[in-house]
1. Considering only residues that are open to solvent by 70 Å² or more (accessible area, probe 1.4 Å), under 25 Å from TYR142 (Cβ atoms) and over 24 Å from the mean Cα position of the chain (by Cα), which ones fall in segment 327-351?
2. If we keep just the residues of segment 35-51 that are surrounded by fewer than 24 Cβ atoms within 10 Å (Cβ to Cβ) and of a type in the set (A, V, I, L, M, F, W, C), which is farthest from HIS228 (Cα to Cα)?
3. Please determine whether any residue of segment 383-403 is at pLDDT 95 or above, hydrophobic (A, V, I, L, M, F, W, C), surrounded by 16 or more Cβ atoms within 10 Å (Cβ to Cβ) and in a loop (DSSP other than H, G, I, E, B).
4. I'd like the residue in segment 366-380 that is open to solvent by 60 Å² or more (accessible area, probe 1.4 Å) and not β-branched (Val, Ile, Thr) and, out of all such residues, is nearest to the chain's Cα centre (by Cα).
5. When the residues of segment 1-21 are narrowed to those that are more than 19 Å from the chain's Cα centre (by Cα) and open to solvent by less than 10 Å² (accessible area, probe 1.4 Å), which ends up modelled with the highest pLDDT?
6. Do we find a residue being open to solvent by less than 50 Å² (accessible area, probe 1.4 Å), touching a strand residue (DSSP E or B) at 6+ places or on another chain (Cβ under 6 Å) and not aromatic (Phe, Trp, Tyr) anywhere in segment 290-309?
7. Name the residues in segment 180-205 that are without any contact (Cβ under 8 Å) to a residue 60 or more places away in the chain and surrounded by 19 or more Cβ atoms within 10 Å (Cβ to Cβ), would you?
8. Starting from segment 223-241, take each residue that is over 25 Å from ALA6 (Cα atoms) and at pLDDT below 95 and list its partners that are open to solvent by less than 40 Å² (accessible area, probe 1.4 Å) and not β-branched (Val, Ile, Thr), counting only C-beta distances under 6 angstrom and pairs at least six apart or across chains.
Amino acid sequence: MKVAVAGCCHGALDKMYETLELLQRRHNVRPDLLLCCGDFQAVRNEADLRCMAVPAKYRHMQTFYRYYSGEKKAPVLTVFIGGNHEASNHLQELPYGGWVAPNIYYLGYAGVVRFRGVRIGGISGIFKSHDYRKGHFECPPYNQQTIRSAYHVRNIEVFKLKQLKRPIDIFMSHDWPRSIYHYGNKKQLLKMKSFFRQEVESNTLGSPAASELLQHLKPTYWFSAHLHVKFAAFMQHETNSKEELPKATKFLALDKCLPHRDFLQIIDVEHDPNAGDSLEYDAEWIAILKATNNLVNVTQSSWNMPENNGLHAKWDYSVTEEAIKEVLEELNHDLKIPCNFTLTAACYDPSKPQKNMEPVHTINPQTTEFCAQFGLTDINDRIQQAKEESSGRGECEEEEEEEMDSTGSAEEPSEYNTDNSGLSSFNPDEIMLDEEGGDEDLSTCSVDPSPDHPPEFSTSFSDIRIMPDSMVVSSDDAMDSNKEDNEELEKSGGSKQGEEKSSTERSLKRIGGDENGNSGVKKIKRRNQAIYAAEDEDKTD
């Protein structure tokens, strides 16, 4: 079957689906499934906008609300994970996954589903070591810290995914697995994004948690986004025994959704021709959720997952064939995910804007039904209970939370001790660029318009690439191989390549110890938020 993969959507659903329709008209290629690797921005109303960790001037409604209200329907089944620019209050309603609109499915904090026999897994958010070992304690209305920590990956989700034993066909993460750049054309990557060099050379770019999952799951495909650049790699995995067959993962990172950007990829994936066209639960994953249910934590206390270190009575939560069989029997061997989408918030009305709408903590009926069916803990219900219990003890806990800074818990060190986010005194995701401009992506993008002021462009077919049968890039020739890809990338860069080259000579500094930001450079953007920053840079230029 044909699978379309998109990078950071940033709420531009109309643009994304129009591009797919153009693909069908011009080349008679119709994808059976669309995957989106985060920054989906399922924004329903003004309250949702306030739950996005972006500056207020960059909060635009975009077009998701039209699909949420039923005005439009996604023309192809869409499955997505969360990134770091999301309406976190909306996605938080569905910790185990669920429909955010008809035909648009969110995988949850972590999840595995099946479509036509293809196993698709994913993990939402980005990695930050200071929040990694905490529980999912956040709930709206968020404060300055929790609006960001809400989308940070937690160790419990990684632990659950590591219990999987059956092969995974496709896996998605928002940020890249750390070290994956060593298995692709690193030279070309640094040519496109020169300010990655320090992190690449120190091997600190990307998520160590995602890297751990990549080595454990060894999926056939791994797709990511976040860094707003296209990059392919091929990773040959080591075998654990002579009997084990060698495995390899084809990795692809996608660009952001903007006109004339290479943000869509079409691949052919082997599937079960006898399987139905419905999205289905994965029986092994459901069994793992049941087995790990007692590990659910909704506090900010840091804690470690069970491991074979003599401190835990049980550390292996992988499931038996018998446990999987029990799940199948519970469902009468009908794994179809029910189409039980429900409106849980008022939808944006352009004729009646409500700028003062406040976000509220909502328990979604889909989650309630899912937890009741499989005997799982409703995380949001547990958070609500904890909130009510703590309300009688005054505001001391809230004050303690606000006192916590980006250094996180001091009692125990994180198992991942390399995290550059702690270097920032203003925003753990932000970096500094000099006054004269940055790389191509940052200097050419524009702020996404609101639906009331649509962009003046027609869908360009340059936004699409059809994946060849193999996108092999070996580690041996990562520096100079794949000349065709290099030429393609150079063409897409156009006249900006000269500017790219000169930008490598400019120094790039993270926000450091100067609390006032008086470092002589303009604080204009995050590395992973380039799409929002062009307005200021245009003025500078």
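The values are calculated or read from the model by the stated rules, or taken from the named source; none is laboratory data. What you see is a predicted model, and the numbers here were worked out from it, not measured in a lab. Neighbour counts are summed over all protein chains in view; Cβ atoms, including those assigned to glycine, are modelled from backbone coordinates with ideal geometry. We work out accessible area using only protein heavy atoms, side chains counted, and drop any ligands, DNA or RNA first. Shrake-Rupley method; radii C 1.70, N 1.55, O 1.52, S 1.80 Å.
1. First, the residues of segment 327-351 that are open to solvent by 70 Å² or more (accessible area, probe 1.4 Å): 329-330, 332-334, 336, 339, 343, 351.
From the residues that got through so far, the ones that are under 25 Å from TYR142 (Cβ atoms) too are 343.
Once the filter is applied, which keeps residues that are open to solvent by 70 Å² or more (accessible area, probe 1.4 Å), under 25 Å from TYR142 (Cβ atoms) and over 24 Å from the mean Cα position of the chain (by Cα), segment 327-351 yields nothing.
2. Step by step, filter segment 35-51, then rank; the result is ALA47.
3. Pass one, segment 383-403, residues at pLDDT 95 or above: 383.
This time we only want the ones that are hydrophobic (A, V, I, L, M, F, W, C), so: 383.
Next, only the ones that are surrounded by 16 or more Cβ atoms within 10 Å (Cβ to Cβ) stay: 383.
So of that shortlist, the ones also in a loop (DSSP other than H, G, I, E, B) come out as none.
The answer is no; no qualifying residue exists.
4. Among those that are open to solvent by 60 Å² or more (accessible area, probe 1.4 Å) and not β-branched (Val, Ile, Thr), it is GLU369.
5. Quick first cut of segment 1-21, residues more than 19 Å from the chain's Cα centre (by Cα) only: 1-2, 14-15, 17-21.
Going one step further and asking which of them are open to solvent by less than 10 Å² (accessible area, probe 1.4 Å), we end up with 17, 19.
Details: TYR17: 95, THR19: 92.
Top of the filtered list is TYR17.
6. No: segment 290-309 contains no residue that is open to solvent by less than 50 Å² (accessible area, probe 1.4 Å), touching a strand residue (DSSP E or B) at 6+ places or on another chain (Cβ under 6 Å) and not aromatic (Phe, Trp, Tyr).
7. TYR181, LEU189, PHE196, LEU205
8. HIS237/LYS218
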